[in-house]
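Written out below as structure tokens is the structure these notes cover.
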Amino acid sequence: MFTLPDLPYAYNALEPYIDEQTMQIHHDKHHGAYVANLNDALSKYPAWFETSIEEILANLDQIPEDIRGKVRNDGGGHYNHTLFWDIMKPGGSTQPSGALLDAIIRECGSFETFKEHFSTKGMGRFGSGWVWLVKESDGSVKIVDAPNQDNPLMEGKTPILGLDVWEHAYYLKYQNRRAEYIQAWWHVVNWTEVERRYATS
């Protein structure tokens, strides 16, 4: 069965940008519920527990129809949040380097322009959802967004960076000020991990 991964840092490690209470509720309650609900759905077809969450989400059309919606939502929530925790850390570099930075500059012209485009996509996502940086098969990168707990794996793409713009990710500290949350979030991106995902995908 799938398990809730530990945070790779303390609940308060991302302050002042993301507060301790939000991190605790977001991880323990929201992510925990996605894992529990995913396990509940797959318990009807336990052979799927032998498959990675990445493979499950990339092959949703093979999931039995009676649980497919739940697996899409809760499996997506589990995968998305696991990635989200890993691509953040306290402090660290303010931008990537090497091949990833080169790919971003080729796509957007500059790193600052990339941040603007990514942030704008986050502001433009109506309701709940995510913004993603994906790596294409030719090594290029693209900014995409998705509703709810959908992610690029469901479209055959490889996500390397993701931003949660569900209100539960920021509402306790920022209320309805999503733009302020997005700008704060750039201070805690773990570019070393994003570079690793780009290099190994």
Which of (1) over 29 Å from Ile143 (Cβ atoms); (2) not in a helix (DSSP H, G or I) is the odd one out, the single condition Leu14 does not satisfy?
(1)
Selected residue (only one of Lys157, Lys173 is more than 23 Å from Ser93 (Cα to Cα) and either small (Gly, Ala, Ser) or touching a residue at least 60 places away in the same chain (Cβ under 8 Å) (or both))
Lys173
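For every residue, the table says whether it meets (1) under 17 Å from the mean Cα position of the chain (by Cα); (2) assigned to a helix (DSSP H, G or I); (3) at pLDDT below 95; (4) loosely packed, with under 13 Cβ neighbours inside 10 Å.
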position	(1), (2), (3), (4)
Trp48	no, yes, no, no
Glu55	yes, yes, no, yes
Arg68	no, yes, no, no
Val71	yes, yes, no, no
Asp74	yes, yes, no, no
His78	yes, yes, no, no
His81	yes, yes, no, no
Trp85	yes, yes, no, no
Gly92	no, no, yes, no
Counting only residues in the stretch 146-176 that are over 9 Å from the mean Cα position of the chain (by Cα) and hydrophobic (A, V, I, L, M, F, W, C), the one farthest from Thr192 (Cα to Cα) is identified as Leu172
Could you tell me whether the stretch 184-200 includes any residue that is crowded, with 19+ Cβ neighbours inside 10 Å, part of a strand (DSSP E or B) and not small (Gly, Ala, Ser)?
yes
Any residue at all in the stretch 11-19 that is under 17 Å from Trp130 (Cα atoms), in contact (Cβ under 8 Å) with a residue 12 or more places away in the chain and among the aromatic types (Phe, Trp, Tyr)?
no
Regarding the stretch 3-10, can at least one residue be identified that is surrounded by 18 or more Cβ atoms within 10 Å (Cβ to Cβ) and within 24 Å of Val194 (Cβ to Cβ)?
yes
Tally the residues that are touching a Phe, Trp or Tyr at 6+ places or on another chain (Cβ under 8 Å), part of a helix (DSSP H, G or I) and of a type outside the set (Asp, Glu), restricting the search to the stretch 94-118.
8
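The values are calculated or read from the model by the stated rules, or taken from the named source; none is laboratory data. Treat the numbers as computed from the prediction; the structure is a model and nothing was measured. Glycine gets a Cβ as well: all are built from the backbone with ideal geometry, and neighbour counts include every protein chain shown.
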